[in-house]
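Have a look at the structure below, then the notes.
Values quoted throughout were computed directly from the atomic coordinates according to the rules given, and no laboratory measurement underlies them. It should be emphasised that the depicted structure is a prediction, and the values quoted were computed from it without experimental measurement. Counting neighbours? That spans all protein chains shown, and the Cβs are built from the backbone with ideal geometry, glycine included.
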Amino acid sequence: MSGIKTKLIEAKQAWAKAGRLLTGKTADPSVRLPPGQRLVKDWPVLDLGCQPDITEAKFFLDINGAVEKPVHLKLADVIALPQEASVSDMHCVTAWSRYDNNWQGISSKTLIDLVRPLPAARHVIFHAHDGYTTNVLMEQFADDDVFLVHSWEGRPIERVHGGPIRVLIPKLYLWKSAKWVNRIEFTTSDRPGFWERNGYNNNADPWLEERYDE
Ligand SMILES: Nc1nc2c(c(=O)[nH]1)N[C@H]1C(S)=C(S)[C@@H](COP(=O)(O)O)O[C@H]1N2
Ligand SMILES: [Mo]
């Protein structure tokens, strides 16, 4: 994987090993702020230290794997899909949360209708232009608040946050939301992504405080 800062990865792996930020508490999802989180007003930037510049010419999105109808989309094709607005909270494993983010984008349900995953498809793997990968369960992807987003608070999503298009899965820690996504792969078996292989929890539910691997 190119451009990844080894120091940064080692530091985060050490956090995972030490169980840093774990409170040992779990909370009901009706509690808005998950355990161990603190509210922020800004939107911090976190990634592997490489922020690819995805121009319209470089942009592509493949949605394939265990599906009936794989697609290869250009930016204009993605933007031509039905657009929806959504408001949700973000929770990062580094303990910040930000409430009431206004998003615009394409719902995961629209993408599912487009490619028609096979009944055997149980997992979704996201791939990104910087080599990052992350994995979720099919039902986590199919949730009502999951979108491919291109706009935040009425403005295009900035390059540092994964613009022009990133994934948003608000009910999971934000490392599950791939920036600069270029492939959404449906699979029949699970395949842990980048942080999931480096000490982070495979499921990543903030209310269960699933920060790190057991
Ligand atoms: N492509 C890509 N997506 C990524 C990452 C990354 O390094 N590359 N980092 C993840 C992590 S660890 C976090 S916490 C969030 C941060 O998103 P933000 O920088 O927009 O806050 O992006 C996630 N998505
Ligand atoms: Mo992160």
Original post:
In which sequence would His127, His72 go, from the one with the fewest C-beta neighbours within 10 Å to the one with the most?
Top reply: His72, His127
**OP:** Provide the net charge surrounding Val40, with neighbours chosen by a C-beta distance below 13 Å and charges set as Lys +1, Arg +1, Asp -1, Glu -1.
**Re:** 0
Original post:
For the chain, what is Rg from Cα atoms divided by 2.2 N^0.38 Å, rounded to two decimals?
Top reply: 0.97
**OP:** Using DSSP to define loop residues, name the chymotrypsin sites (Phe, Trp or Tyr not before Pro) in the range 102-135 whose beta-carbon has at most 11 other beta-carbon atoms within 10 Å.
**Re:** none
Subject >> Estimated [θ] at 222 nm from DSSP helical runs (n ≥ 4, -39500 (n - 2.57)) normalised by residues in the chain, nearest 500 >> reply: -3500 deg cm²/dmol
**OP:** Mind checking the range 34-71 for trypsin sites (Lys or Arg not before Pro) that DSSP puts in a loop (not H, G, I, E or B) and that have at most 16 other Cβ atoms within 10 Å?
**Re:** Lys41, Lys58
Original post:
In whole percent, what relative contact order does the chain give with Cα contacts below 8 Å and a gap of six or more residues?
Top reply: 25
Original post:
Exposure proxy check: Glu214, Glu68 ranked by fewest other beta carbons within 10 Å?
Top reply: Glu214, Glu68
Original post:
Can you pick out the pairs among Lys58/Lys171; Lys17/Lys41; Lys58/Lys179; Lys58/Lys176; Lys12/Lys176 whose Cα atoms lie more than 18 Å from each other?
Top reply: Lys58/Lys171; Lys17/Lys41; Lys58/Lys176
